[in-house]
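The values are calculated or read from the model by the stated rules, or taken from the named source; none is laboratory data. Only a predicted model underlies this, so the values are computations on that prediction, with no experimental measurement involved. Don't worry about glycine lacking a Cβ; one is built from the backbone with ideal geometry, like all the others, and counts go over all protein chains shown.
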Amino acid sequence: MATPLDLEEQEQLDQLKHFWTTYGSLITWVVLIAAGAFMAWNGWQYLQRTKAAQAAALYDELERGAQAGDTARIERALTDMKEKFAGTAYAQQAGLLAAKTLHEKGNGEASRAALAWVADKAVDPGYQAIAKLRLSAELLDSKAYDDALKQLSGSMPKEFEPLVADRRGDIYLAQGKREEAKTEYRKAWAGFEGRGDYRRLIEIKLNAVGVDPKTLAPTITVTPAKTTS
């Protein structure tokens, strides 16, 4: 004879069966999706760690090539870096290092190509700005003035603005555009406030274009004090 406890357990079992029949498939899919997402996340993390390690090893290879002055080794390592690890910080650093060494070795074309790649592909705005400034300097040296100015167009991180103004001044001066050069050197002088070494260099350039830096003292705006009644 069934007891009240048996009947209660049977009722709970029937409710459980009904619940599972209704929601079982949904619960199974949710569990599978969650498990798949967790596995995918772990896989992605592992892939990122592996990629970072491989990029670091390749950067070391490029660095050894730079120390040895082996331009073929540098270009080969940089090509591999761009193809396999373009989105990493190592790739951006590798491009700048490769460009510096290639330029020192007299391979200006390859140096400019490396800098152009960093300027175009770098994720970090700071690396992009450095690449553009260096590329503009190399283009200035090769008298490609318009191309040099193009590298300095568009927005730049605020901390790079005085350097950009200084470089524009150099380009304009090389073109014989003294007034434009004066304007840019003034901007650079104002932007380098508190940075004595840079300011002294800009002061030399200002003197060269006929501007006395003493006349560029910053204007102090005085805000009237509020009066209380």
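Here is a yes/no grid of residues against (1) over 21 Å from E159 (Cβ atoms); (2) of a type in the set (S, T, Y); (3) in a loop (DSSP other than H, G, I, E, B); (4) at pLDDT 95 or above:
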residue: E193; (1), (2), (3), (4): no, no, yes, no
residue: Y198; (1), (2), (3), (4): no, yes, no, no
residue: N207; (1), (2), (3), (4): yes, no, no, no
residue: V211; (1), (2), (3), (4): yes, no, yes, no
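Within the set A110, A99, A89, the sole residue that is among the hydrophobic types (A, V, I, L, M, F, W, C), surrounded by fewer than 17 Cβ atoms within 10 Å (Cβ to Cβ) and either over 19 Å from Y127 (Cα atoms) or out of contact with any His (no Cβ under 8 Å at 6 or more places or on another chain) (or both) turns out to be A89. Residue selection: D6 fails the criterion of being at pLDDT 70 or above and acidic (D, E). The single residue among L78, L149 that is crowded, with 18+ Cβ neighbours inside 10 Å and of a type in the set (A, V, I, L, M, F, W, C) turns out to be L78.
Is at least one residue of region 42-55 among the hydroxyl-bearing types (S, T, Y), at pLDDT below 90 and part of a helix (DSSP H, G or I)? Taking every residue of region 42-55 in turn, at least one turns out to be among the hydroxyl-bearing types (S, T, Y), at pLDDT below 90 and part of a helix (DSSP H, G or I).
How many residues, within region 140-165, are closer than 22 Å to S111 by Cα and not hydrophobic (A, V, I, L, M, F, W, C)? So the answer is 9. Can you run down the residue pairs with Cβ atoms below 6 Å, 6 or more apart or on separate chains, where the first is in region 143-160 and more than 21 Å from A174 (Cβ to Cβ) and the partner is surrounded by 13 or more Cβ atoms within 10 Å (Cβ to Cβ) and among the polar types (S, T, N, Q)? Qualifying pairs under 6 Å: none. With respect to (1) assigned to a helix (DSSP H, G or I); (2) on the phi > 0 side of the Ramachandran plot, the lone exception for E159 is condition (2). For A188, the conditions (1) part of a loop (DSSP other than H, G, I, E, B); (2) more than 26 Å from A113 (Cβ to Cβ) all hold with the exception of (1). Entry remark, region 56-75: residues being of a type outside the set (D, E, K, R) and crowded, with 16+ Cβ neighbours inside 10 Å number 7 in total.
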